Amino acid sequence: MVNEYLAVFIFLVIALGFTVAGLVTAFLVRNSNPNAEKESTYECGEEPVGGAWIQFNMRYYLFAILFVIFDVEIIFLYPWAVVFKDLGLFAFVEMVLFLGILVLGLAYCWKKGHLRWE
Amino acid sequence: MNNLFFYTIIIVSLFIFLIGVYGVLTRRNAIGILMSIEIMFNAANINLVAFNKFMALEESIGIIFPIFIITIAAAETAVGLALILSIYRKVKSVYVEKMDLLKW
Amino acid sequence: MDFPFFNGQLITYGFFLLFATVAIASALLVVSVKNIMHSALFLALFLLSVAAMFFIFDADFLGIVQILLYIGGVIVLILFAVMLTSRVSSQLIQQTNEQKFLAIIVCIFLFGMLSYVIFTSGLKGFERPLVEGGITRNVGQLLMTVYVLPFEVASLVLLAALIGAMVIVGKKDE
(Lines give C-alpha, C1' and ligand atoms only; values in the text may rest on other atoms or scores of the structure.)
Protein backbone atom coordinates (compact mmCIF):
# COMPACT_ATOMS: atom_id res chain seq x y z
CA MET A 1 0.00 0.00 0.00
CA VAL A 2 2.74 2.42 0.90
CA ASN A 3 4.38 1.83 -2.45
CA GLU A 4 1.29 3.08 -4.26
CA TYR A 5 1.25 6.29 -2.27
CA LEU A 6 5.00 6.86 -2.33
CA ALA A 7 4.57 9.32 -5.21
CA VAL A 8 2.15 11.37 -3.10
CA PHE A 9 4.64 11.39 -0.23
CA ILE A 10 7.49 12.50 -2.51
CA PHE A 11 5.22 15.21 -3.87
CA LEU A 12 4.47 16.32 -0.30
CA VAL A 13 8.16 16.44 0.61
CA ILE A 14 9.05 18.42 -2.50
CA ALA A 15 6.18 20.87 -1.96
CA LEU A 16 7.18 21.40 1.68
CA GLY A 17 10.83 21.78 0.72
CA PHE A 18 9.98 24.29 -1.98
CA THR A 19 7.93 26.43 0.39
CA VAL A 20 10.46 26.29 3.24
CA ALA A 21 13.37 26.97 0.87
CA GLY A 22 11.58 30.01 -0.54
CA LEU A 23 10.83 31.43 2.87
CA VAL A 24 14.34 30.78 4.19
CA THR A 25 15.97 32.36 1.13
CA ALA A 26 13.72 35.39 1.45
CA PHE A 27 14.57 35.62 5.14
CA LEU A 28 18.30 35.51 4.41
CA VAL A 29 18.31 37.91 1.47
CA ARG A 30 15.87 40.65 2.51
CA ASN A 31 16.76 43.70 4.54
CA SER A 32 14.59 44.38 7.55
CA ASN A 33 13.30 47.94 7.78
CA PRO A 34 9.78 47.95 9.25
CA ASN A 35 7.69 51.07 9.77
CA ALA A 36 4.06 51.68 10.70
CA GLU A 37 2.94 52.25 7.10
CA LYS A 38 4.51 49.01 5.95
CA GLU A 39 3.11 46.89 8.77
CA SER A 40 -0.50 47.95 8.30
CA THR A 41 -2.97 45.51 6.75
CA TYR A 42 -2.89 45.48 2.97
CA GLU A 43 -6.30 46.17 1.48
CA CYS A 44 -5.58 46.90 -2.18
CA GLY A 45 -4.26 50.36 -1.41
CA GLU A 46 -7.29 51.46 0.60
CA GLU A 47 -6.93 52.73 4.13
CA PRO A 48 -7.56 49.66 6.35
CA VAL A 49 -10.69 49.89 8.49
CA GLY A 50 -10.29 48.14 11.83
CA GLY A 51 -8.16 45.08 12.50
CA ALA A 52 -8.05 41.79 10.65
CA TRP A 53 -9.60 40.02 13.65
CA ILE A 54 -13.08 41.39 13.27
CA GLN A 55 -16.24 39.83 14.55
CA PHE A 56 -17.98 37.86 11.81
CA ASN A 57 -21.70 37.88 11.16
CA MET A 58 -23.46 34.92 12.79
CA ARG A 59 -25.11 34.13 9.42
CA TYR A 60 -21.84 32.64 8.13
CA TYR A 61 -22.00 29.96 10.79
CA LEU A 62 -25.46 28.81 9.66
CA PHE A 63 -24.17 28.22 6.15
CA ALA A 64 -21.09 26.46 7.52
CA ILE A 65 -23.36 24.02 9.41
CA LEU A 66 -25.40 23.34 6.26
CA PHE A 67 -22.17 22.72 4.37
CA VAL A 68 -20.83 20.25 6.94
CA ILE A 69 -24.07 18.27 7.14
CA PHE A 70 -24.20 17.83 3.38
CA ASP A 71 -20.48 17.10 3.34
CA VAL A 72 -21.21 14.11 5.57
CA GLU A 73 -23.88 13.06 3.11
CA ILE A 74 -21.27 12.97 0.34
CA ILE A 75 -19.11 10.42 2.18
CA PHE A 76 -22.07 8.04 2.35
CA LEU A 77 -22.96 8.70 -1.27
CA TYR A 78 -19.54 7.70 -2.55
CA PRO A 79 -19.34 3.99 -1.51
CA TRP A 80 -23.00 3.68 -2.50
CA ALA A 81 -22.22 4.92 -5.99
CA VAL A 82 -19.40 2.37 -6.33
CA VAL A 83 -21.67 -0.64 -5.67
CA PHE A 84 -24.88 0.78 -7.10
CA LYS A 85 -24.81 -1.40 -10.21
CA ASP A 86 -24.52 -4.66 -8.24
CA LEU A 87 -27.24 -3.96 -5.72
CA GLY A 88 -29.96 -2.38 -7.84
CA LEU A 89 -33.35 -1.25 -6.60
CA PHE A 90 -32.89 -1.87 -2.87
CA ALA A 91 -29.83 0.35 -2.66
CA PHE A 92 -31.62 2.99 -4.69
CA VAL A 93 -34.62 3.04 -2.34
CA GLU A 94 -32.35 3.17 0.71
CA MET A 95 -30.43 6.11 -0.66
CA VAL A 96 -33.63 7.94 -1.64
CA LEU A 97 -34.78 7.51 1.96
CA PHE A 98 -31.44 8.78 3.25
CA LEU A 99 -31.47 11.81 0.99
CA GLY A 100 -35.16 12.44 1.69
CA ILE A 101 -34.56 12.65 5.43
CA LEU A 102 -31.71 15.11 4.90
CA VAL A 103 -33.71 17.18 2.42
CA LEU A 104 -36.32 17.56 5.18
CA GLY A 105 -33.67 19.47 7.13
CA LEU A 106 -32.94 21.68 4.15
CA ALA A 107 -36.67 22.30 3.68
CA TYR A 108 -36.92 23.28 7.35
CA CYS A 109 -34.12 25.83 6.95
CA TRP A 110 -35.74 27.18 3.81
CA LYS A 111 -39.14 27.49 5.48
CA LYS A 112 -37.67 29.27 8.49
CA GLY A 113 -35.83 31.72 6.25
CA HIS A 114 -32.33 30.74 7.36
CA LEU A 115 -31.23 30.52 3.76
CA ARG A 116 -32.02 34.16 3.08
CA TRP A 117 -29.26 36.68 3.57
CA GLU A 118 -30.67 39.75 5.25
CA MET B 1 7.51 -7.38 13.25
CA ASN B 2 3.71 -7.37 12.96
CA ASN B 3 3.37 -7.57 16.71
CA LEU B 4 5.78 -4.69 17.24
CA PHE B 5 3.94 -2.60 14.64
CA PHE B 6 0.59 -3.37 16.24
CA TYR B 7 1.67 -2.45 19.75
CA THR B 8 3.40 0.72 18.55
CA ILE B 9 0.17 1.85 16.94
CA ILE B 10 -1.81 1.22 20.12
CA ILE B 11 0.72 3.04 22.29
CA VAL B 12 0.78 6.01 19.88
CA SER B 13 -3.00 6.23 19.92
CA LEU B 14 -2.93 5.96 23.72
CA PHE B 15 -0.55 8.94 23.83
CA ILE B 16 -2.79 10.95 21.51
CA PHE B 17 -5.83 10.10 23.61
CA LEU B 18 -4.07 11.23 26.80
CA ILE B 19 -3.08 14.50 25.13
CA GLY B 20 -6.77 14.98 24.40
CA VAL B 21 -7.67 14.26 28.03
CA TYR B 22 -5.05 16.76 29.17
CA GLY B 23 -6.49 19.38 26.79
CA VAL B 24 -10.03 18.84 28.04
CA LEU B 25 -8.88 19.20 31.65
CA THR B 26 -6.73 22.30 31.21
CA ARG B 27 -8.29 24.44 28.48
CA ARG B 28 -10.34 27.41 29.63
CA ASN B 29 -11.77 28.15 26.20
CA ALA B 30 -14.82 26.02 25.36
CA ILE B 31 -13.77 25.83 21.70
CA GLY B 32 -10.39 24.52 22.84
CA ILE B 33 -12.17 21.80 24.81
CA LEU B 34 -14.11 20.80 21.69
CA MET B 35 -10.85 20.59 19.74
CA SER B 36 -9.37 18.30 22.41
CA ILE B 37 -12.44 16.09 22.09
CA GLU B 38 -11.76 15.86 18.35
CA ILE B 39 -8.24 14.67 19.19
CA MET B 40 -9.68 11.92 21.39
CA PHE B 41 -12.08 10.85 18.64
CA ASN B 42 -9.16 10.53 16.25
CA ALA B 43 -7.16 8.44 18.71
CA ALA B 44 -10.07 6.02 18.87
CA ASN B 45 -10.29 5.94 15.08
CA ILE B 46 -6.59 5.11 14.74
CA ASN B 47 -7.11 2.23 17.13
CA LEU B 48 -10.08 0.86 15.22
CA VAL B 49 -8.29 1.00 11.88
CA ALA B 50 -5.27 -0.71 13.41
CA PHE B 51 -7.48 -3.51 14.74
CA ASN B 52 -8.97 -3.84 11.27
CA LYS B 53 -5.51 -4.27 9.77
CA PHE B 54 -3.94 -6.58 12.36
CA MET B 55 -6.75 -8.59 13.91
CA ALA B 56 -9.13 -11.21 12.57
CA LEU B 57 -12.38 -9.37 13.00
CA GLU B 58 -15.41 -9.10 10.76
CA GLU B 59 -14.58 -7.86 7.31
CA SER B 60 -14.09 -4.09 7.07
CA ILE B 61 -15.81 -3.40 10.39
CA GLY B 62 -12.84 -1.27 11.36
CA ILE B 63 -13.52 0.96 8.38
CA ILE B 64 -17.27 1.27 8.75
CA PHE B 65 -17.23 2.04 12.44
CA PRO B 66 -14.89 5.04 12.06
CA ILE B 67 -17.14 6.37 9.29
CA PHE B 68 -20.04 6.47 11.73
CA ILE B 69 -17.79 7.95 14.42
CA ILE B 70 -16.73 10.69 12.04
CA THR B 71 -20.38 11.34 11.17
CA ILE B 72 -21.32 11.65 14.81
CA ALA B 73 -18.26 13.81 15.47
CA ALA B 74 -19.28 16.24 12.72
CA ALA B 75 -22.84 16.46 14.09
CA GLU B 76 -21.47 16.87 17.61
CA THR B 77 -19.15 19.68 16.55
CA ALA B 78 -21.96 21.51 14.75
CA VAL B 79 -24.29 21.36 17.76
CA GLY B 80 -21.55 21.95 20.34
CA LEU B 81 -20.24 25.04 18.61
CA ALA B 82 -23.82 26.28 18.16
CA LEU B 83 -24.33 25.94 21.92
CA ILE B 84 -21.04 27.74 22.62
CA LEU B 85 -22.02 30.58 20.27
CA SER B 86 -25.44 30.93 21.86
CA ILE B 87 -23.85 31.05 25.32
CA TYR B 88 -21.39 33.61 23.97
CA ARG B 89 -24.31 35.82 22.93
CA LYS B 90 -25.77 35.76 26.44
CA VAL B 91 -22.67 35.77 28.65
CA LYS B 92 -20.23 37.48 26.22
CA SER B 93 -17.58 34.90 27.05
CA VAL B 94 -16.34 31.51 25.86
CA TYR B 95 -14.47 30.68 29.06
CA VAL B 96 -15.98 27.75 30.86
CA GLU B 97 -15.72 29.19 34.38
CA LYS B 98 -18.00 32.03 33.25
CA MET B 99 -20.70 29.55 32.26
CA ASP B 100 -22.09 29.09 35.75
CA LEU B 101 -25.72 30.13 35.30
CA LEU B 102 -26.91 26.72 36.52
CA LYS B 103 -24.67 26.77 39.58
CA TRP B 104 -26.47 27.25 42.88
CA MET C 1 8.26 0.24 -7.06
CA ASP C 2 10.45 -2.25 -5.27
CA PHE C 3 13.12 -1.71 -2.70
CA PRO C 4 15.93 -4.22 -3.03
CA PHE C 5 17.65 -3.38 0.23
CA PHE C 6 14.78 -3.06 2.64
CA ASN C 7 11.94 -5.10 3.87
CA GLY C 8 8.71 -3.47 2.64
CA GLN C 9 7.14 -3.63 6.03
CA LEU C 10 10.08 -1.94 7.67
CA ILE C 11 9.55 1.02 5.38
CA THR C 12 5.86 1.08 6.26
CA TYR C 13 6.83 1.08 9.92
CA GLY C 14 9.25 3.95 9.34
CA PHE C 15 6.58 6.01 7.59
CA PHE C 16 4.18 5.29 10.43
CA LEU C 17 6.72 6.48 13.00
CA LEU C 18 7.29 9.67 11.02
CA PHE C 19 3.60 10.54 10.86
CA ALA C 20 3.04 9.44 14.47
CA THR C 21 5.72 11.91 15.55
CA VAL C 22 4.07 14.69 13.55
CA ALA C 23 0.66 13.77 15.01
CA ILE C 24 1.82 13.70 18.62
CA ALA C 25 3.79 16.94 18.25
CA SER C 26 0.89 18.78 16.63
CA ALA C 27 -1.59 17.40 19.18
CA LEU C 28 0.65 18.70 21.97
CA LEU C 29 0.73 22.09 20.25
CA VAL C 30 -3.09 22.07 19.94
CA VAL C 31 -3.52 21.72 23.68
CA SER C 32 -0.68 24.04 24.72
CA VAL C 33 -0.51 26.92 22.23
CA LYS C 34 -1.74 30.29 23.52
CA ASN C 35 -3.57 31.63 20.48
CA ILE C 36 -6.75 29.63 19.91
CA MET C 37 -6.61 30.39 16.16
CA HIS C 38 -3.16 28.76 15.89
CA SER C 39 -4.54 25.89 17.94
CA ALA C 40 -7.23 25.31 15.29
CA LEU C 41 -4.61 25.36 12.51
CA PHE C 42 -2.44 22.83 14.38
CA LEU C 43 -5.55 20.70 14.73
CA ALA C 44 -5.72 20.69 10.92
CA LEU C 45 -2.11 19.47 10.78
CA PHE C 46 -2.92 16.78 13.34
CA LEU C 47 -5.92 15.57 11.34
CA LEU C 48 -3.82 15.53 8.16
CA SER C 49 -1.18 13.31 9.78
CA VAL C 50 -3.91 11.00 11.06
CA ALA C 51 -5.21 10.80 7.48
CA ALA C 52 -1.68 9.81 6.39
CA MET C 53 -1.75 7.06 9.04
CA PHE C 54 -5.03 5.79 7.60
CA PHE C 55 -3.38 5.58 4.19
CA ILE C 56 -0.56 3.59 5.76
CA PHE C 57 -3.05 1.17 7.37
CA ASP C 58 -4.57 0.31 3.96
CA ALA C 59 -7.71 2.32 4.71
CA ASP C 60 -7.48 4.81 1.85
CA PHE C 61 -11.22 5.47 1.79
CA LEU C 62 -11.09 6.54 5.41
CA GLY C 63 -8.12 8.77 4.73
CA ILE C 64 -10.05 10.57 2.00
CA VAL C 65 -13.06 10.88 4.33
CA GLN C 66 -10.79 12.34 6.98
CA ILE C 67 -9.42 14.97 4.61
CA LEU C 68 -12.80 15.75 3.05
CA LEU C 69 -14.86 15.91 6.19
CA TYR C 70 -12.56 16.85 9.02
CA ILE C 71 -10.19 19.22 7.32
CA GLY C 72 -12.73 20.47 4.81
CA GLY C 73 -15.73 20.65 7.12
CA VAL C 74 -15.11 20.48 10.84
CA ILE C 75 -12.03 22.72 10.76
CA VAL C 76 -14.03 25.30 8.79
CA LEU C 77 -16.74 25.19 11.49
CA ILE C 78 -14.17 25.58 14.26
CA LEU C 79 -12.43 28.45 12.47
CA PHE C 80 -15.78 30.21 12.03
CA ALA C 81 -16.54 29.75 15.71
CA VAL C 82 -13.09 31.12 16.64
CA MET C 83 -13.62 34.13 14.41
CA LEU C 84 -17.12 34.71 15.78
CA THR C 85 -15.78 34.82 19.34
CA SER C 86 -12.51 36.55 18.54
CA ARG C 87 -13.43 39.54 20.68
CA VAL C 88 -12.87 37.54 23.85
CA SER C 89 -10.34 34.92 22.80
CA SER C 90 -7.36 37.24 22.33
CA GLN C 91 -3.97 35.85 23.21
CA LEU C 92 -3.55 38.24 26.11
CA ILE C 93 -5.96 36.18 28.22
CA GLN C 94 -4.55 33.07 29.80
CA GLN C 95 -5.92 30.04 27.96
CA THR C 96 -5.22 27.33 30.52
CA ASN C 97 -6.50 26.98 34.06
CA GLU C 98 -4.71 26.09 37.27
CA GLN C 99 -5.37 22.35 37.05
CA LYS C 100 -2.22 21.68 35.05
CA PHE C 101 -0.46 19.44 37.58
CA LEU C 102 -3.64 17.67 38.52
CA ALA C 103 -4.28 16.98 34.83
CA ILE C 104 -0.75 15.63 34.36
CA ILE C 105 -1.21 13.32 37.35
CA VAL C 106 -4.52 12.08 35.92
CA CYS C 107 -2.84 11.46 32.55
CA ILE C 108 0.07 9.53 34.11
CA PHE C 109 -2.38 7.43 36.13
CA LEU C 110 -4.48 6.70 33.02
CA PHE C 111 -1.33 5.90 31.05
CA GLY C 112 -0.16 3.40 33.63
CA MET C 113 -3.55 1.73 33.81
CA LEU C 114 -4.18 1.53 30.07
CA SER C 115 -0.66 0.44 29.13
CA TYR C 116 -0.90 -2.30 31.76
CA VAL C 117 -4.12 -3.48 30.12
CA ILE C 118 -2.56 -3.31 26.65
CA PHE C 119 0.60 -5.22 27.52
CA THR C 120 -1.15 -7.95 29.48
CA SER C 121 -3.91 -8.41 26.89
CA GLY C 122 -1.89 -10.97 24.91
CA LEU C 123 -3.22 -9.74 21.58
CA LYS C 124 -1.29 -11.05 18.59
CA GLY C 125 -1.04 -8.79 15.58
CA PHE C 126 -0.82 -10.45 12.19
CA GLU C 127 -1.09 -9.09 8.70
CA ARG C 128 -4.50 -9.55 7.20
CA PRO C 129 -4.82 -9.97 3.46
CA LEU C 130 -6.37 -7.03 1.63
CA VAL C 131 -10.04 -7.32 0.76
CA GLU C 132 -10.82 -8.15 -2.84
CA GLY C 133 -12.04 -5.39 -5.12
CA GLY C 134 -10.82 -2.57 -2.90
CA ILE C 135 -12.02 -1.15 0.37
CA THR C 136 -14.51 1.34 -1.02
CA ARG C 137 -16.45 -1.37 -2.85
CA ASN C 138 -16.45 -3.58 0.25
CA VAL C 139 -17.60 -0.73 2.48
CA GLY C 140 -20.39 0.13 0.05
CA GLN C 141 -21.56 -3.47 -0.08
CA LEU C 142 -21.59 -3.79 3.72
CA LEU C 143 -23.28 -0.41 4.17
CA MET C 144 -26.10 -1.47 1.87
CA THR C 145 -26.59 -4.94 3.36
CA VAL C 146 -25.41 -5.54 6.94
CA TYR C 147 -25.22 -1.98 8.20
CA VAL C 148 -28.21 -0.56 6.41
CA LEU C 149 -30.07 0.34 9.61
CA PRO C 150 -27.19 2.36 11.15
CA PHE C 151 -26.85 4.01 7.77
CA GLU C 152 -30.45 5.23 7.87
CA VAL C 153 -30.22 6.20 11.53
CA ALA C 154 -27.13 8.26 10.70
CA SER C 155 -29.29 10.41 8.44
CA LEU C 156 -31.76 10.93 11.31
CA VAL C 157 -28.88 11.96 13.59
CA LEU C 158 -27.70 14.42 10.96
CA LEU C 159 -31.23 15.81 10.57
CA ALA C 160 -31.50 16.27 14.33
CA ALA C 161 -28.08 17.96 14.46
CA LEU C 162 -28.96 20.28 11.57
CA ILE C 163 -32.31 21.37 12.97
CA GLY C 164 -30.95 21.61 16.51
CA ALA C 165 -28.01 23.77 15.52
CA MET C 166 -30.27 25.95 13.36
CA VAL C 167 -32.74 26.48 16.21
CA ILE C 168 -29.95 27.33 18.65
CA VAL C 169 -28.04 29.75 16.44
CA GLY C 170 -30.65 30.97 13.97
CA LYS C 171 -32.72 33.04 16.38
CA LYS C 172 -33.34 36.56 15.20
CA ASP C 173 -31.36 38.49 17.76
CA GLU C 174 -31.95 41.92 19.22
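The values are calculated or read from the model by the stated rules, or taken from the named source; none is laboratory data. These numbers were taken from a predicted model, which means no experiment stands behind them. So basically every Cβ, Gly included, is an ideal-geometry build from the backbone, and we count neighbours across all protein chains shown.
Things to note:
- Scope region A:73-118; condition assigned to a helix (DSSP H, G or I) and in contact with a Lys or Arg (Cβ under 7 Å, 6 or more places away or on another chain); matching residues: A:VAL82, A:VAL83
- All positions within region B:19-64 that are aliphatic (A, V, I, L, M) and farther than 30 Å from C:ILE104 by Cα: B:MET55, B:ALA56, B:LEU57, B:ILE61, B:ILE63, B:ILE64
- Residues that are surrounded by fewer than 24 Cβ atoms within 10 Å (Cβ to Cβ) and either touching a residue at least 40 places away in the same chain (Cβ under 8 Å) or touching an Asp or Glu at 6+ places or on another chain (Cβ under 8 Å) (or both), drawn from region C:62-77: C:LEU68, C:LEU69, C:GLY72
- Taking region C:97-174 as the region of interest, the helices (runs of 4 or more DSSP H) fully inside it that hold 3 or more residues being over 30 Å from A:TYR78 (Cβ atoms) are C:100-119.
- Residues in region C:118-142 that are among the polar types (S, T, N, Q) and surrounded by 13 or more Cβ atoms within 10 Å (Cβ to Cβ): C:THR136, C:ASN138, C:GLN141.
- Condition check for B:ILE64 on (1) over 30 Å from C:THR145 (Cβ atoms); (2) within 7 Å of another protein chain (Cβ to nearest Cβ): one failure, at (1).
- Region B:51-74: number of residues that are within 22 Å of C:PRO129 (Cβ to Cβ), among the aliphatic types (A, V, I, L, M) and not in a loop (DSSP other than H, G, I, E, B): 4
- Annotation: of all residues in region C:143-164 being within 23 Å of A:LEU87 (Cβ to Cβ) and either more than 9 Å from chain A (Cβ to nearest Cβ) or polar (S, T, N, Q) (or both), the one that is surrounded by the most Cβ atoms within 10 Å (Cβ to Cβ) is C:SER155.
- The combined condition, being crowded, with 24+ Cβ neighbours inside 10 Å and either touching a Phe, Trp or Tyr at 6+ places or on another chain (Cβ under 7 Å) or more than 22 Å from A:ASP71 (Cα to Cα) (or both), is not fulfilled by B:ILE87.
- Index of the failed condition, B:ALA43 passing every other in (1) modelled with pLDDT of 85 or more; (2) closer than 24 Å to C:ALA165 by Cα; (3) more than 7 Å from chain C (Cβ to nearest Cβ): (2)
- All of (1) closer than 25 Å to B:TYR7 by Cα; (2) among the hydrophobic types (A, V, I, L, M, F, W, C); (3) without any contact (Cβ under 8 Å) to a residue 12 or more places away in the chain; (4) surrounded by fewer than 18 Cβ atoms within 10 Å (Cβ to Cβ) hold for C:PHE101 with one exception: (1).
- Restricted to helices (runs of 4 or more DSSP H) entirely inside region C:11-95, those with at least 1 residues that are at the interface with chain B (Cβ under 9 Å from one of its Cβ atoms) and at pLDDT below 85 are C:75-84.
- Within region A:42-69, residues that are more than 7 Å from chain C (Cβ to nearest Cβ) and within 25 Å of C:ALA161 (Cα to Cα) sit with their Cβ atoms under 7 Å from residues that are loosely packed, with under 10 Cβ neighbours inside 10 Å and modelled with pLDDT of 70 or more, at 6+ positions apart or across chains, in these pairs: A:ARG59/A:TRP117.
- Residue count for region B:93-104 under the criterion of being within 7 Å of chain C (Cβ to nearest Cβ) and either of a type in the set (Gly, Ala, Ser) or surrounded by fewer than 18 Cβ atoms within 10 Å (Cβ to Cβ) (or both): the result is 1.
- Test: residue in region B:67-78 that is in contact with a Gly (Cβ under 8 Å, 6 or more places away or on another chain), at the interface with chain C (Cβ under 7 Å from one of its Cβ atoms) and over 21 Å from C:LEU84 (Cα atoms): no
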